[in-house]
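Presented below is the structure to which this report refers.
The values are calculated or read from the model by the stated rules, or taken from the named source; none is laboratory data. Predicted, not measured: the structure shown is a model, and the values here were computed from it. With ideal geometry, Cβ positions are generated from the backbone for all residues, glycine too; neighbour counts draw on all protein chains shown.
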Amino acid sequence: MKLNVKQTVLIGLSFASILAFWQFYDHMIPIILENHYRVSTLATNFIMSIDNILAVFMLPFFGALSDNVRTPLGKRTPFILGGTVAAVLLMTLLAFVTESAGIAVFIVLLMLLLVTMSVYRSPAVAYMPDVTPKPLRSKGNAVINLVGYVGGIFSTIAISLMVTQTVDADGAVHYGSFIPIFLTVACFMLVTVLVMVLTVNENRAVSSSGVDREDGEKSVEKKGKLDRGVKLSLGLILVSSFLWFCAYNGVTTSFSRYFEYRFELGAGSSSIFLTVATVAAIISFVPLGFVSGVLGRKKTVLLGIVLMTVCYISLIFISSPGWILYLLFSVVGVGWAAINVNSFPMVVEMCSSGDIGRFTGLYYAFTMSAQIVTPLLSGLLIDENAIGLGYGALFPYATAFSCASLITMLLVRHGDSRPQKKDSILESFEEL
């Protein structure tokens, strides 16, 4: 049994489209709100959190809805194509609104854009397990993540090249036209999804994958009913996902301010360490897909949690920047990749092919909930006007949540994959 790498890469283009958008959104929308429309930081932070709030409710809904759709294009492709086209049209409108309209029109269009992105996010992620046999889903997820990061990198480079700024005599920052970056990212999103739709026939890919036959008596039309033990494992994995996202996103949310407080480094200097973690994750995605085939998914996830926990603990005691920080954040990247490559496949391992969209939405609802909760909770601990522990509490906070996720993950009994027996060591390297 071999992973269809070409098909997986092409399916991953929809994920590249999604990550291109979110990289653009996270970087550019706060700039437009604060610098162009003069919105307060508090109001900007609230607006930026709306996408996570919407995701908690909409991702499970559209994931489950796509499970029940049957069209000549398949069940995921209509959502992916329709959602992308709608998002591209709204982005084009937003580009010109920034030049001519007020904040009210901008916010209305932005909210509509966030809704359209929620329409196809779960179907796009569910597409890979639809066409990938269960034992190969960690490898498939590794490839999907790798392709997805191409989208994020594209937006980062486009922003650095196209977004210009000047500082006047009073020190105020003024940005040039936002139209080029809006249209560039929108074109990238549309082109990548069109390539996917034109090169992969979803119905044919599903029928030739053999995924339906893995469910035995459970057909695509029937929903698989989970027994008590599987339900418990599913709940534990979802809780674990919530906990490790609380740890990791707690760090990334306060990262630049922590480094300024702890090491007297500005945002530009400190960002290099998150970049190191991202590069390490990208490099390790595919190798970790192989590792999970040998160790199993659960052990690989546990390894990732242990690596990240050790790094969080170590960072509590480091008081000056140096080479050790580059090493620790490289390990953080590897640990985060080990978790993400395998945790989602563990969730969809437990469902029938007719439930993949629903389980995908459920998984993302828990991770998005963490991203809503953790900035507030960590902020309460750090803020001098609240509990007031200061930024020194950041990595103990991350350590506590990471340790909690280790405990819940140790209790999981389902969702793992059984390593396939090889006739030779070389055969392990011939599957991809």
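Observations
- Exactly one residue among Val332, Val310, Val306, Val341 is at pLDDT 90 or above, surrounded by 21 or more Cβ atoms within 10 Å (Cβ to Cβ) and of a type in the set (Val, Ile, Thr), and that residue is Val332.
- Residue within the stretch 73-91 that is out of contact with any helix residue (DSSP H, G or I) (no Cβ under 6 Å at 6 or more places or on another chain) and more than 24 Å from Ser155 (Cα to Cα) present: yes
- For the stretch 33-46, residues that are touching a helix residue (DSSP H, G or I) at 6+ places or on another chain (Cβ under 6 Å) and surrounded by fewer than 22 Cβ atoms within 10 Å (Cβ to Cβ) total 4.
- Listed conditions (1) crowded, with 19+ Cβ neighbours inside 10 Å; (2) more than 30 Å from Pro129 (Cβ to Cβ); (3) touching a residue at least 60 places away in the same chain (Cβ under 8 Å) are all met by Ile316, apart from (1).
- Of everything in the stretch 292-306 that is assigned to a helix (DSSP H, G or I) and over 21 Å from the mean Cα position of the chain (by Cα), the residue that is nearest to Pro135 (Cα to Cα) is Gly293.
- Some residue of the stretch 71-85 being assigned to a helix (DSSP H, G or I) and surrounded by fewer than 18 Cβ atoms within 10 Å (Cβ to Cβ): yes
- Among the conditions (1) at pLDDT 75 or above; (2) outside the structural domain of Gly415 (by TED's automatic domain parsing); (3) of a type outside the set (Lys, Arg), the only one that Glu214 does not satisfy is (1).
- The C-beta contact set for the stretch 270-284 (first residue outside the structural domain of Ser320 (by TED's automatic domain parsing), second residue of a type outside the set (A, V, I, L, M) and at pLDDT 80 or above, distance under 9 angstrom, 6+ apart or interchain) is empty.
- Residue within the stretch 229-241 that is modelled with pLDDT under 90, surrounded by 13 or more Cβ atoms within 10 Å (Cβ to Cβ) and among the hydrophobic types (A, V, I, L, M, F, W, C) present: yes
- Candidate set from the stretch 348-359 (those that are surrounded by fewer than 24 Cβ atoms within 10 Å (Cβ to Cβ) and assigned to a helix (DSSP H, G or I)); member that is modelled with the lowest pLDDT: Glu349
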